[in-house]
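The values are calculated or read from the model by the stated rules, or taken from the named source; none is laboratory data. None of the values given here were measured: they were computed from a predicted structure. Cβ sites come from the backbone with ideal geometry, for glycine too, and all protein chains shown count toward neighbours. With ligands, DNA and RNA removed, areas are computed over all heavy atoms of the protein, side chains included. Shrake-Rupley method; radii C 1.70, N 1.55, O 1.52, S 1.80 Å.
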Amino acid sequence: MPTEGLLTLMQWLSPGFPLGTFSYSHGLEMAVADGRLRDAAGLQDWIATVLTHGTGRNDAILLAEAYRSDDAQQIDVLARALAPSRERLLETTAQGEAFCTTVNAVWGLDLRPMCLPVAVGRAARMQGIALDVTLSAYLHAFTAGLISAAQRCMPLGQTQAQRIVADQTPLCLSLAQAALTQSIDDLGGSAFLADIAAMQHETLQPRIFRS
């Protein structure tokens, strides 16, 4: 893949890209508040489960389908329907809309507001960025975002946090590779505690995250 495409992808998925990612914990704040997550080992297991059996895997499939499809809006409708709670829907749609607004303004694209994985997949295709690299980078950024959220609501040092990111990298690569040959028929999840935490977070007080 040309270096320019790789740098563009790094820019889109960096913490500095104006998506408001820092505002969302994906239910992690609730899991910490009710005592389900207490240490780094538990956090690593939690994130691995979300990646393998929850949002991570589904987002990868949706991203790949949006990349390959000529009708990304249809994929977006499905992505919205799969959100297990109001806050999860807000998380993916608000970030997706912010993503579309920025790439349209900077790269001259014409993306309508879509859920984040759908928007990233569509934009990558329009910019000629390879799907396999896009999937790997997206999952890695998703993982880093969860760990960043955890650092703000539980005892987790910087070195420890980066060790978890590094440990999850092979899993991100594996899930990205799998998504290359998966389709809508493969969508589904069983990360029930994470989904329940996201639902319960809607009434958590006080709280610092929107999800």
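Okay, here's what the table says:
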| read-out | value |
| --- | --- |
| Given (1) among the small types (Gly, Ala, Ser); (2) open to solvent by 40 Å² or more (accessible area, probe 1.4 Å); (3) over 15 Å from Thr55 (Cα atoms), index of the condition Ala150 fails | (2) |
| Helices (runs of 4 or more DSSP H) completely within segment 125-206 that count 2 or more residues being aromatic (Phe, Trp, Tyr) | 131-151 |
| Among the residues listed as Ser69, Ser85, the single one being among the hydroxyl-bearing types (Ser, Thr, Tyr) and either touching a strand residue (DSSP E or B) at 6+ places or on another chain (Cβ under 6 Å) or under 13 Å from Val118 (Cα atoms) (or both) | Ser69 |
| Any pair with Cβ under 9 angstrom, 6 or more apart, that starts in segment 155-174 at a residue that is under 17 Å from Tyr138 (Cα atoms) and open to solvent by less than 80 Å² (accessible area, probe 1.4 Å) and ends at one that is small (Gly, Ala, Ser) and part of a loop (DSSP other than H, G, I, E, B) | none |
| Failed item, numbered, when Val103 is tested on (1) surrounded by fewer than 16 Cβ atoms within 10 Å (Cβ to Cβ); (2) farther than 16 Å from Ala48 by Cβ; (3) at pLDDT 95 or above | (1) |
| Subset of segment 197-210 [in contact (Cβ under 8 Å) with a residue 40 or more places away in the chain and of a type outside the set (Asp, Glu)] | Ala197, Ala198, Met199, Gln200, His201, Leu204, Arg207, Ile208, Phe209, Arg210 |
| Hits in segment 86-106 (condition: over 15 Å from the mean Cα position of the chain (by Cα) and in contact (Cβ under 8 Å) with a residue 24 or more places away in the chain) | Arg86, Thr102, Val103 |
| Ala137 vs. criteria surrounded by 15 or more Cβ atoms within 10 Å (Cβ to Cβ), within 24 Å of Glu65 (Cβ to Cβ) and at pLDDT 95 or above | yes |
| Residue, surrounded by the fewest Cβ atoms within 10 Å (Cβ to Cβ), within segment 49-86, restricted to residues that are of a type in the set (Asp, Glu) and modelled with pLDDT under 95 | Asp70 |
